1. Checking the table A:Lys10/A:Lys43; A:Lys83/B:Lys11; A:Lys2/A:Lys43; A:Lys108/A:Lys163 against a 27 Å threshold on Cα-Cα, which pairs fail?
2. Just grab the label-to-label distance for B:Ser80 and A:Thr98, each label 7 Å out from Cα along the Cβ direction, in nm (one decimal).
3. Kirkwood hydrodynamic radius for the range A:1-126: how many Å is it when counted over pairs of different Cα atoms?
4. Build a GNM of chain B with springs between Cα atoms under 10 Å: which of B:Thr42, B:Thr67, B:Thr50 gets the top mean-square fluctuation?
5. For the range A:83-177, which trypsin sites (Lys or Arg not before Pro) are both in a DSSP coil and crowded by at most 12 other Cβ atoms within 10 Å?
6. Under unit Cβ charges (Lys, Arg +1; Asp, Glu -1), what dipole magnitude, rounded to 20 debye, does the range B:2-74 have relative to its Cα centre?
7. Just order A:13-25, A:62-74 by mean Cβ neighbour count inside 10 Å, highest at the front, would you?
8. Each label point is 7 Å from the Cα along the Cα-to-Cβ direction; what then is the distance between the points at A:Lys43 and A:Ile90, in nm?
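The values are calculated or read from the model by the stated rules, or taken from the named source; none is laboratory data. Just so it is clear, the structure is predicted and the values come from calculations on it, not from any experiment. Neighbour counts run over all protein chains shown; Cβ positions are idealised from the backbone, glycine included. These accessible areas exclude ligands, DNA and RNA; they are computed on the full protein's heavy atoms, side chains included. Shrake-Rupley method; radii C 1.70, N 1.55, O 1.52, S 1.80 Å.
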Amino acid sequence: MKLTRRDFVKSNAVAAAAAAAGVTLPGIKTATAAEGDDLRWDKIACRFCGTGCSVLVGVKDGKIMASQGEPDAPVNKGLNCIKGYFLPKIMYGKDRLTQPLLRKKNGKYDKNGDFEPVSWDEAFKTMAEKWVAARKKGPKGIGMFGSGQWTVWEGYAASKLLKAGFRSNSLEPNARHCIASAVGAFMRGFGIDEPMGCYDDLEHADAFVLWGANMAKRVFDLVKDFGTSKSPKSTRPSTTY
Amino acid sequence: MNVCSAIVHAKPENAVGVSSRLEEFPGVEVHGGKDVGKLIVTVEGGEDDTLADIMAKFGDVEGVISTVMIYHYSGEEADSEEVIQ
């Protein structure tokens, strides 16, 4: 049997979709999805939204060639969304930052200068100088702004570094601005903090009441049986954006 | 070579009609799943954002409930190369 590379890639694509949907197709062996290709498959987390999908990426010669929803991930169970299409592509965007840049005028650091490529040595040296100078103003001279996407251990290390190391309380995550307002609203509206449920609750629900949101358009990887045979009474959600 | 697969949800009773409407898009093929309302669809051809644009348009096709992407391959090698004989 002659099989071109296109046939081969296509049959892998079909097998992956059939496996994720739980659909049996004649002539398609779902086990062949990642078998026999020359890609090395690694697991990554999609960072395009807060759902938390796991994605498999197929790498060849150091470059991502293919992506697929991770079938074993409890969150997305092999599904991906249109944003996942761009996961490999953003790796190779021409506007990516690949080296340190420093604002300079006449070859020297200047806050009002233009960004110029510098060596890592120069970048770290400049950062250290500025940090030491700011530290001389006392604990409030320095601060760290972190992320809700820090791991627990990264948050712990940052907290120890700033509070125990530099004796400064100037430590904030974006999480305080983001979730604190949501928690306030949840406490006020429902009398209880979020999150009030988990993804599995969606699987067990009989009805969804939505306003200002369209689940089928936005978090469809979580509601994969939405509107199909599992919930025959549902209608196509109205478009709300 | 740019190949994508997706699951397109539709009510089983609408699935045949939805399939033919989807296949009117260039490079779109429906491989099965009509009986359970989960259409196994491939989209191929085009470069850059074309496939994503086509999948985004599925949402406006009559009878389509939702579209989830599953697999995407984007390689520069010749697609006619024989891999198995």
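1. Working: A:Lys10/A:Lys43 21 Å; A:Lys83/B:Lys11 25 Å; A:Lys2/A:Lys43 31 Å; A:Lys108/A:Lys163 33 Å.
In this structure, A:Lys2/A:Lys43; A:Lys108/A:Lys163 lie more than 27 Å apart at Cα.
2. 3.3
3. The answer is 17.6 Å.
4. B:Thr50
5. Answer by residue number: A:Lys94, A:Arg96, A:Lys111, A:Lys136, A:Lys137, A:Arg167.
6. Around 360 debye, computed over the range B:2-74.
7. A:13-25, A:62-74
8. 2.1
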